[in-house]
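Report on the following structure.
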Amino acid sequence: MENELSVKRIFELIKKRIWIPVIFSIFFSAIGGVYSYYFTKTQYEASSKLIVNATTPEMMNTLLVMIKEPSLLDNVVSELKLHITSDELSKRITPESVGGSSLVEVKVVDTDPSLAAQIANRTADEFERQIPRILGFKDIKIYSYAQINDQPTNNDYLKKAILGLIVGIIAGVGCIFLLDFIDDTVKSEEATELLLGIQVLGTISKFNKKNTSLEKGEMLRLEDRGETYGNNEQKAISLN
C-alpha cells in the first residue's frame with residue numbers, strides 16, 4: 001500500500017510541475033543539436049584490406065599491434081607530408097581482423113575523406129613492405145585498397161538532439177524532486193496534525209484574489225472533528 005501511495009505521489013508531483021521537464025528537454029535537445037551541427041568536425045572513414053595468414057592468434061594480435069606502431073607510420077607521415085606526428089596518426093587508425101579470419105581491415109578516420117583513403121592505403125603498403133623485414137613474416141598480401149567515402153561517420157545531429165531530450169527529461173524530473181524536497185510548507189491536514197500533535201477541527205478555503213469582497217461566512221468553513229482539551233478547546237486550522 002505504501003509503494004502504491006509513493007508512486008501516486010511521484011506522479012502527482014510530476015503532473016503539478018510538468019512544465020519543468022518540458023522546458024529542460026527542449027533546452028538540452030536544442031543544445032545537443034546545435035553543438036553537433038556547429039562545433040563537431042565531420043569525420044570520414046576509409047579502409048584498406050589485407051590478407052594476413054597468421055599461424056596462431058598470438059601472431060595475429062602481434063601483427064595488428066604493429067600496424068599502429070609509430071616506427072612503421074613514420075614513412076606514411078613523411079610521404080603524405082602530414083602535419084601531425086606518427087603518434088597522433090596512430091590514434092586515427094584502427095586495425096581489426098574481420099570475423100576472426102585472415103582478412104585484416106585497416107580503418108582510418110579523418111576530416112578529409114580523400115586523405116583518409118590515402119592514409120589507409122599507404123599504411124597497408126608500409127605494413128606489407130616492413131613486416132617481413134622486422135618480424136620475418138612474409139605471408140601478407142594487399143586484398144583491396146581504400147576508396148574515398150564521402151559519407152560522414154558522425155553525422156548524427158538527430159541522435160544528439162534525442163540524447164539531449166532524454167537528459168533534459170531526467171534533469172527536469174530531478175529538479176521537481178529537489179523543489180519538493182526543499183519545500184517545507186504544510187500541504188495537508190494529516191501533516192498539520194502530525195506537526196502540531198492535535199486534531200484539525202476546520203479548514204479555511206483559499207482566498208479568491210479576484211473577489212476580495214466575499215463574506216466571512218463564505219470564506220470560512222469549519223468541520224467539527226475534535227474534542228475539548230483541558231479547560232480551553234484547542235483548534236487547528238489548516239489552509240487549503
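Read-outs throughout are calculated quantities, based only on the coordinates presented, and are distinct from any laboratory measurement. Quick caveat: nothing in here was measured; it's all calculated off a predicted structure. Quick reminder, even Gly has a Cβ in these numbers, built from the backbone with ideal geometry, and neighbours come from all protein chains shown.
Just want the ordering: Leu115, Leu73, from fewest to most Cβ atoms lying within 10 Å of their own Cβ.
Leu115, Leu73
Kindly put Arg133, Arg122, Arg17 in sequence by how many other C-beta atoms sit within 10 Å of each C-beta, fewest to most.
Ascending Cβ contact count within 10 Å gives the list Arg133, Arg17, Arg122.
Can you tell me the relative contact order of segment 101-172? Whole percent, Cα pairs under 8 Å, sequence separation 6 or more.
Contact order relative to length: 28 percent.
Loop-only check: which trypsin sites (Lys or Arg not before Pro) in segment 138-180 are DSSP coil with at most 14 other Cβ within 10 angstrom?
Lys138
To the nearest 20 debye, what charge dipole does segment 73-170 have about its Cα centre, counting +1 at the Cβ of each Lys and Arg and -1 at the Cβ of each Asp and Glu?
Roughly 120 debye for segment 73-170.
Quick one: of Lys8/Lys160; Lys68/Lys160; Lys49/Lys160; Lys49/Lys138, which pairs are farther than 23 Å apart, Cα to Cα?
Lys8/Lys160; Lys68/Lys160; Lys49/Lys160
Sort Tyr143, Tyr44 so that the residue with the fewest other Cβ atoms within 10 Å of its own Cβ comes first and the one with the most comes last.
Taking fewest neighbouring Cβ atoms as first place, the list is Tyr143, Tyr44.
Going by a ≥ b ≥ c, the root eigenvalues of the Cα gyration tensor, does segment 53-130 fall in the rounded group (a/c under 1.5), the prolate group (a/b larger than b/c) or the oblate group?
Note, shape of segment 53-130 comes out prolate.
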